[in-house]
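J.: I have a structure here, written as structure tokens, and I will follow up with some questions on it.
Just so it is clear, none of the values below were taken in a lab; they were calculated from the coordinates. No experiment lies behind these values; they were computed from the predicted model shown. We place every Cβ from the backbone using ideal geometry, glycine too, and count neighbours over all the protein chains shown.
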Amino acid sequence: MQRNGAVPAPFEDAEEECPICHSKRYLRKDMKFMINPECYHKMCESCVDRIFSHGPAACPVAGCNKTLRRARFRKPTFRDLQMEREVDIRRRVAEVFNREEVDFDTLKDYNDYLNDVEDVTFNLIQNIDVEEAEAKLDAYAAANKQLIQSNMKRAKEGVDTFRARQEAAKESAQQRRKAALQEEEETRREEEEERRNLLKALDAGGDAEVLTRQSQEAMRYRAQIRKEALANEISANENANGSAQFTIRGLKKHVEKEEEEEEKPYDPFDGLSDKREYFVLQEDYGWENYDRLNKPEYSAGGYNIHEYYNRALCEAFSGLGVFIGDSSDEAPPAVASAGAALAAASPMSDDVF
Amino acid sequence: MAKLQEKTLTLLSNNKSTISTANSPFSDTSNDYAPPADLAAALNEQEKHKYIRLKQIGSGTYANVYKGHLRADPSSLVAIKKMKVQTDYKEGLSMDSIREIKFLQELSHPNIIALHSVFSSKDQNINLVIEFMPHGDLEMVIKDHDHVAYGLADVKAWMGMLGRATWFCHENFVLHRDIKPSNVLIAADGQLKLSDFGLARSFADPYQPMTHLVITNWYRPPELFYKAKYYSGVVDVWSCGCVLAQLVLRSAYIHGETDMQVLDAIVQALGQPTEENWPGVSKLENYVMMKPPTRPLTSKAEMMNLFGTLGPVGVDLLMAMLALDPRKRLTSKQVLEHEFFKIAPRPTKAADLPKKGGGEKQAAEDLKRKATLLGEGRGGKVAKKLDFGAARR
Ligand SMILES: [Zn+2]
Ligand SMILES: [Zn+2]
């Protein structure tokens, strides 16, 4: 079984998110998911733009590493990507094995033919002997080039009526979009008029400050109305989809908070530092005793004398910040001490890191 | 941090109050003070009384694991790991248990599993009270192809957290010596927690030999296969490098059934260690040239073929973590300083990371597994001796 052959299982409806950038659908209404038939890993449109706009690149989903091209990305037709892949395979097979019942003398011959086709299809879908199945498909395609072409033409004629109906649907969608654009244009015109009115009033010698404020308020009021209308429309849509879990207000807050956090650069050390307060580690202390450590028997395993210098100094200085009166009469522990101190890494420590 | 180190003495007394020393496993060490027996018993009772033990959620060779919570706050869940008395140890407690308690008690970091308390129960068993980790471990996430998809930003976030945990251990002179995905637990808030300190030890003094029989072999660096006795923190960096590779591939990068096969897998994956690329390597006790012709060091282009998801900078980091010669390998600090963590994409926030809801059962699995099947002085369970006879021929 091929590692990359596995296709992600159907994703859950709620909280659908991009596995690459973790944008969530409920936070970004306009978010679209794309897949590439090379591996069927879904990711959001902006990830596709970001990663593949400069040419082919490795699929960003860990464990895949297939090289993908921008041009082959498309919106999946099905929510179940397993299904998406199966449909693609079936379409591909059907384009090659495109004989129809009328081409056969008997029904049995036709059924045998369908059986063979299904075997190839099944193997491709289930990733069983894929190479063999692909070879069969190629061989048939090469051997029946002419026939396939003419069958394709025949099938197309049957499809034409269907296509005409689709065109009509497309048209009505275009009309709806046009209406939306008109509406937008109207609000723009409204604003323009407001501005003109303001200028006129100013020309007529009105108090600039008052007039400007009035005009701004009017505009703000109208914007507010439009915003609310939009919000209502969106939430109505959400209700229609049965997934209205978040109000527009909550959404905005969340987004703003995220942006705020995003501003701090990532700190791989998460605020901790290895600065020692009482000493600076030297490159070499000239302790002849340790010269032998340069011999390969000792050094080739990676033993690092600097780690020892660091520890020895740390232990030597540990306790410098402690007054005798504070400590109990216990003897300071030797090795275990290093860590005991670490308990102070808890937030209550007054250390500034 | 330095300041922390130097605060040792003041903190020592604080420590005593949070972690009861009654029936302490340290009573045989010179630096421990011994409270009067009745006081010890009282302290122990007090500690024990703080927790309520609920149902058992797992059992293993070394420990049984129970779910529990603070008596004062039923919503604060803990896992109580009750170590079984080992009859083959005179003290009744294995070296691993002692190590684990010692290091967990010492190391407090957001990416290292927290030991809340230690107490003994009536039957003289040691109980460790640990953070409850309901989301399983990193290995489960890597393996769950069907339900978990993740990308570079997630890998980067996980490596940052694992890197911090490793660096923090080293900064405090502790070698973990068993880093692998199943020892990296996932907290409810998405943070990774390095766990299982059963094979950990403090950095060795000069000339003080250490055992090479540590680290589960798929994550073990070549110097340990060559029986190096004097090694450093970068053994853990190698393990982290293997984890990084595995996160990308979603399957183990270097693997094999026997130690011999694993070493061979290292050579096939990264190249044959020679005197040229690793001066002095031939002086290591178990060094062996694998089959000629010598496989050259793996090029960056070859690594890009396999790890393209990481991008060129990520592949640089991976290669530097998996340098054969430990002296050329990055230290855990250098790992965190690497360009990889500075460039886009920014690491995913912990809360947004994908995780698998492993539930109680997995939490118990993780804890009871107890260290690994290898280690010093553990009789039959010690890692098999390397057999290089066949390779030398
Ligand atoms: Zn993919
Ligand atoms: Zn995305």
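J.: Using the structure shown, select from A:Lys66/A:Lys145; B:Lys156/B:Lys180; B:Lys193/B:Lys229; B:Lys50/B:Lys102; B:Lys82/B:Lys156 the pairs with a Cα to Cα distance greater than 23 angstrom. Intermediate values should be presented prior to the final figure.
T.: Numbers: A:Lys66/A:Lys145 30 Å; B:Lys156/B:Lys180 16 Å; B:Lys193/B:Lys229 28 Å; B:Lys50/B:Lys102 21 Å; B:Lys82/B:Lys156 35 Å.
Violating the 23 Å Cα-Cα cut-off are A:Lys66/A:Lys145; B:Lys193/B:Lys229; B:Lys82/B:Lys156.
J.: Once the Cα atoms of the range B:138-359 are picked out, what are the Rg and Dmax in Å?
T.: My reading of the Cα-based Rg and Dmax gives 16.9, 50 Å.
J.: Same structure again: Taking every residue in B:219-232, how many Cβ atoms of other protein chains lie within 10 Å of its Cβ, on average?
T.: 3
J.: Per 10 Å bin, what is the whole-percent P(r) computed from every C-alpha pair distance within the range B:158-280?
T.: The distribution over the range B:158-280 is 13, 43, 34, 9, 1, given as percents.
J.: Averaged across the residues of A:116-124, what count of C-beta atoms belonging to other chains lies within 10 Å of each residue's C-beta? Each step should come with its number before you reach the end.
T.: On the way: counts 0, 0, 0, 0, 0, 0, 0, 0, 0.
Whole-number average of other-chain Cβ neighbours for A:116-124 is 0.
J.: Roughly how large, in nm² to one decimal, is the mean projection of the convex hull of the alpha-carbon atoms in the range B:132-206?
T.: Numbers: hull surface 23.4 nm².
So the Cα hull casts an average projection of 5.8 nm².
J.: Let me ask something else. So what are the three principal axis dimensions of the range A:7-131 from its Cα atoms, in whole Å, longest to shortest?
T.: The Cα atoms of the range A:7-131 stretch 58, 31, 23 Å along the principal axes, largest first.
J.: Please compute the contact order of the range B:155-258 in relative form: average sequence separation of alpha-carbon pairs under 8 Å and at least six residues apart, divided by the residue count, as a percent. Working shown, then result.
T.: Details: 132 pairs, mean separation 29.6, N = 104.
Computed over the range B:155-258, the figure is 28 percent.
J.: What is the calculated FRET efficiency for B:Glu45 to B:Gln124, with r their C-beta to C-beta distance and R₀ = 22 Å, to the nearest 0.05? Provide the component values of the computation, followed by the final result.
T.: Details: r = 14 Å, r/R0 = 0.64.
Once the sixth-power term is evaluated, E becomes 0.95.
J.: Another question, if that's okay. Got a sec? How would B:Ile113, A:Ile148 order by Cβ neighbour count within 10 Å, fewest to most?
T.: On the way: B:Ile113 24, A:Ile148 17.
Ranked by crowding around the Cβ, least crowded first: A:Ile148, B:Ile113.
J.: Right, next: Using only the C-alpha atoms of the range A:12-76, find the volume of their convex hull and express it per residue in Å³.
T.: Working: hull volume 5.4 nm³, N = 65.
Convex hull volume per residue, Cα atoms: 84 Å³.
J.: Related question: For peptide A:264-271, how many partner chain Cβ atoms fall within 10 Å of a residue's Cβ, on average?
T.: Details: counts 0, 3, 8, 4, 16, 10, 8, 2.
That average works out to 6.
J.: Sort A:88-94, A:183-189 for me by packing, meaning the mean count of neighbouring Cβ atoms within 10 Å per residue, highest on top. Present the calculation step by step, with values, prior to reporting the outcome.
T.: Values: A:88-94: 15.1, A:183-189: 10.6.
Result, highest mean first: A:88-94, A:183-189.
J.: Report the semi-axes of the equivalent ellipsoid for the range B:209-278 in whole Å, largest first, where each axis is √(5λ) for an eigenvalue λ of the Cα gyration tensor. If you can, show how the numbers build up before the last one.
T.: Numbers: eigenvalues 71, 41, 30 Å².
Semi-axes, largest first: 19, 14, 12 Å.
J.: Moving on to the next point. Limiting things to C-alpha atoms, what are the Rg and the maximum Cα-Cα separation (Dmax) for the range A:79-143, in angstroms?
T.: Final numbers for Rg and Dmax: 12.6, 41 Å.
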